[in-house]
Amino acid sequence: MRIAVKSILAVSAAALFTAVAVSPASADVTSGVVWFSNGAGKAIFNADPSGNKPGDAIRACDDAADGWGIKTYMDIGSNGSVNRTVSTQGHNSPYCTGWATGNLEEGTSVTWWGCMVKGTEVGHCTTKYTKKA
């Protein structure tokens, strides 16, 4: 009986770990950073200037030498059109892009998200997040 219970617990724990490991992303939306849970990298949005970070800006970071890049998208006005992108494609990891920035009127709705990309293939994408510039 004890062996059967231990086996069930081990299988349950392995299934839980697997489910977490393949999740496409985790987010700290308050700071505008979305991490890909497989360690691939992150998509970043910065609403207001802070130190050497410009405001109304996006950036992408590739943290894994897995053949996939990270692309961050910005939809200004949250109307379904992509207005800014940055991509780590063509660079060896680890690599972070520069900031794609431009002043937006305060209070402008901005939707942003990130995707794993390889050539023309788009892999896992994060949830789309909407914030105010």
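Each value in this text was obtained by applying a stated rule to the coordinates, not by laboratory testing. Everything numeric here is computed off the predicted structure, so don't read it as measured data. In this analysis, Cβ positions are derived from the backbone assuming ideal geometry, glycine residues included, and neighbour counts consider all displayed protein chains.
On the principal axes of its alpha carbon atoms, the range 24-132 extends 38, 30, 23 Å, with the longest extent given first. Placing a label point 7 Å from the Cα of GLU121 along the Cα-to-Cβ direction, the residues of the range 41-69 whose backbone N falls under 15 Å from that point are 66-69. In plain terms, the chain from LYS131 to ASN92 could stretch by 11.0 nm, reckoned as 0.36 nm per residue minus the Cα-Cα distance.
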